[in-house]
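We did not get these values from a lab; they are worked out from the coordinates using the rules stated. Nothing here was measured: the structure is a model prediction, and the numbers come from that model. Cβ coordinates were reconstructed from backbone atoms using ideal geometry, including for glycine residues, and neighbour counts include every protein chain displayed.
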Amino acid sequence: MPIEVIMPKVDMDMTSGKIAVWHVAEGEAVAKGDPLFDIETAKAAMEIEAPGDGVLHFAAPEGSEIAIGQPVAWLYAAGEKPVEPPQRPGGVGTSPAADQPVGPDDRQSAAPDPVPAADPEPAHEAGALADDPAAAETGEGFRATPRARSLARESGLDLRGLSGTGPRGRIQGEDVRSALQTTRTAPAPARFAAETGPLAVTRSKGGTGTPVVLIHGFASDAMSWAPIEGALKQRPLIRIDLPGHGKSPKLRIPSFRDLVKVLREAFDALSLETAHLVGHSLGGALALALADTRPKSVSTLTLIAPAGLGAEVNGAALLGIGNATRPESLGPWLRTLVADERLVTDSYVRLAMAARSDPNLRAAQLAMADMLFPDGVQAIDLRAALERVEMPTRVIWGRQDAIIPWRHALRAPGRVGLHLFDGIGHMPQMEASDEVGKIIRSNL
Amino acid sequence: MNAHTPTALRELSYAEAIREAMDLAMAADDRVILMGEDIGVYGGAFQVTGDLVHKYGTDRVMDTPISELGGAGVAVGAALTGLRPIFEFQFSDFAALAMEQIVNQAAKVRYMLGGAVSVPLVMRFPSGSGTGAAAQHSQSLEAWLGHVPGLKVVQPSTPEDVKGMLLAALEDPDPVMIFEHKILYKMKGHVPEGYYTTPIGKAAIRRAGKDVSIVATSIMVHKALAAAEQLAGEGIDAEVIDLRTVRPMDHETVLASVRKTGRLVCVYEGVKTLGVGAEISAMVAESDAFDFLDAPIVRLGGAECPVPYNPELEKAVVPQTPDIVEAVKNVVKGRI
């Protein structure tokens, strides 16, 4: 079955992206991770990598505008015969892209060697694997009785993913009790196959002067900076993927101190004279720790909804994101990240889940969450570091942050600039990208 | 009395228990008087007053003219000026005629006069269906009066309770409305001798159980108990709560039960919509016991129509034991 290549959502505002250029010609083989095509959005241009190995077929023409989540091409295994673009599973008609699909005829004609023989296998397989489209598209919550919900709350069990025995699949108290029985007897904490190697670092094209180093948050990756990259393009941008995140190896990290050490090694390896450091959430805590130990190399520090300034953190959301194996279970938690839930569309959730499809990645992140946020509490306290750092420092926070309370910002010393946004959640760099971009740029 | 068992308990009918309570109160306190239509030599529409007129005379057992509004007004005035009237309606349906005196006077005077006076009035309302008395003589209107702050509204379901609650009502400085189901008048049950009171505002657990809470009022308590027996044979252990008082409602007994069972079925004869069960359901949904609910709340109430004259239809419009059995099974077995 061919691998679908979709238009990714790289920006919260983005509804479609334009294929700027293909790096691979129709019928050419690519390997996973190879640059595949560039997209242009209203705010950024970005290189997209091949999601797997295969031969490129049915690529959407350059210059075409494709709705996010819609296919732009397929990668066929060697020997697989591309007949026609596979049917997409589930109601395409209800997806936001319905009015902007690439016509099948266009794709058909773009295929270099259409074989008229019929081997409809791929299409059928795709259909068979389809999730229940109704369930996927309605965006409804799940059914559970108040008792089931309170039992789950007390025990820290995530009800999503549990199947209920009540009418219409309602999860009842008994379902939770039996799930807890199973959980208790199941082998405890997620184990992951630890890897080794340096952290993945990606750089933007262009820009001059002191570079900006970007450190993303927990369960995120370097792609999350896309919304503000346009505003910062005058400087070279360097994104670091945290261990167990994005393209970085899944390192075993026993403590926050070790995490800082790994990050410092990556930072030192950049051999920068100085850098502007920007960190979000967990990345904020790390940026602060880095600035504290490399004061001469950090010319300014921008902390977006940083961890490390107080005990409270939404542990359920962190675990929920870490545990989710399906878009249905990931979506509700992703929506807690933002104030305006409409930003997290179903297609965005599907893409986010696709990025988290590797069980080893999820296990590595869960292990990290367990170490950093045991029992849903921030076990790291960097208030002293924030008192010590002397470079110009700003803290940016959304007042509707449901992950880390924005009031932690008030613990910053007077010297630190505070930027608090009404109606914004835990992702100001996405939800208020223009404003956040301007704030950081004014620092450069 | 049962002569074979030395510990046998004295039994009275519900009507006899009311009469005994009135007799005790009148003997002990000259201020207690009875008022109502045909309660004198006729003995009352349901023979509750009986021969009390011969014992206490027509000054204390007063037949009132066929004007519920007038009679109720005199009763309110009597209470305000120091007497302890017990006013009987022939049918609770006729409360409609006396609403001004009940709702705007009896319930409000203490408040309007800044607490300087109170209205120690007891009103008795023969109510409910099952007697073939048709649409204007068969209603269960306790929710009407339960909606009025300043009134207390009770629905005793047993002879023991109706005696104790009537005596408690007489001790109460404020108006107490007693809704007596007409079908219960002939029901026999143990009634303790002598003077005692049964607290107003306190529900009674008639049968302890762990699977579902059935909160019932008046005659429905007995239907719920019959249903619970049947359900026990099918392995369902129902708790039956007799609400006893509509206002002020005993929240804690109901909530404690729901916290235990996680399931609630309300059974009442009044029309389902906006009835007593609606209040119980909402009260539970608003409380901390919400977290313990493991199934939707179910109300079984009277049908949304006048009570029919036809005896079969009359049965059909109010919850019956098989309806309760079915509803409880649906709730417990997760069918709804």
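What to note about this one:
- Diffusion constant of the range A:337-388 at 37 °C, which comes from Stokes-Einstein with the Kirkwood Cα-pair radius and 0.692 mPa s, µm²/s: 237 µm²/s
- Between the range B:15-74 and the range A:337-365, the alpha-carbon center distance in angstrom: 76 Å
- What the Cβ-Cβ distance of residue A:377 and residue B:287 gives, at R0 = 41 Å and to the nearest 0.05, is a FRET efficiency of 0.85.
- Kirkwood hydrodynamic radius of the range A:1-80, Cα pairs, Å: 12.4 Å
- Structure-based [θ]222 nm, the protein assembly as shown - -39500 (n - 2.57) summed over DSSP H runs of at least 4, per residue, nearest 500: -9000 deg cm²/dmol
- Across all Cα pairs in chain B, the calculated P(r) in 10 Å bins from zero up to the longest distance comes to 6, 26, 33, 23, 10, 2 percent per bin.
- Globularity ratio of the range B:204-332, using Cα Rg and 2.2 N^0.38 Å: 0.98
- Kirkwood analysis of the range B:115-253, using all unique Cα-Cα pairs, places the hydrodynamic radius at 15.9 Å.
- The range B:11-190: C-alpha gyration tensor shape, a/c 1.5 cut-off, then a/b vs b/c: rounded
- If R0 is taken as 30 Å, the Cβ-Cβ distance between residue A:410 and residue A:274 corresponds to a FRET efficiency of 0.55.
- Quotient of Cα Rg and 2.2 N^0.38 Å for the range A:264-349, N being how many residues it contains: 1.37
- Shape of the range A:139-185, Cα gyration tensor, a/c cut at 1.5: prolate
- Bridgeable aspartates and glutamates around residue B:108 (alpha carbons under 17 Å apart, same-chain partners fewer than 8 residues away excluded): B:100, B:172, B:174.
- With a cut-off of 14 Å on the backbone N, the residues of the range B:7-51 near the modelled label site 7 Å out from residue B:190 along Cα-Cβ are B:7-12.
- Scalar couplings 3J(HN,Hα) for the range A:421-431, obtained by applying the Karplus form with A = 6.51, B = -1.76, C = 1.60 to θ = phi - 60°, are 10, 6, x, 10, x, 7, 10, x, 5, 9, 6 Hz; x denotes Gly and Pro.
- Pairwise Cα separations in the range B:45-141 fall into 5 Å bins from 0 onward with the following percentages, short to long: 2, 13, 21, 22, 18, 13, 8, 3, 1, 0.
- Each Lys and Arg contributes +1 and each Asp and Glu -1, all at the Cβ; summed about the Cα centre of the protein assembly as shown, the dipole is approximately 2080 debye.
- For chain B, built as a Gaussian network whose Cα springs stay under 10 Å, the top-fluctuating residue of B:28, B:72, B:224: B:28
- Pairs of Lys residues in the range B:204-332 are counted when their Cα atoms are under 23 angstrom apart and they lie 8 or more places apart or on different chains; the count is 11.
- As a calculated quantity, the FRET efficiency between residue A:178 and residue A:32 at R0 = 41 Å, using C-beta atoms, amounts to about 0.55.
- Taking 13 Å as the cut-off, no amide N atom of the range A:191-234 comes nearer than this to a point 7 Å along the Cα-to-beta-carbon line of residue A:255.
- Three-way shape call for the protein assembly as shown based on the alpha-carbon gyration tensor, with the a/c threshold at 1.5: prolate
- The residues A:165, B:261, A:302, when put in order of fewest to most other Cβ atoms within 10 Å, stand as A:165, B:261, A:302.
- Separation in nanometres of the label points that stand 7 Å from Cα toward Cβ, at residue B:134 and residue A:326: 6.1 nm
- Alpha-carbon centroids, the range A:245-321 and the range B:147-193: separation in whole Å: 72 Å
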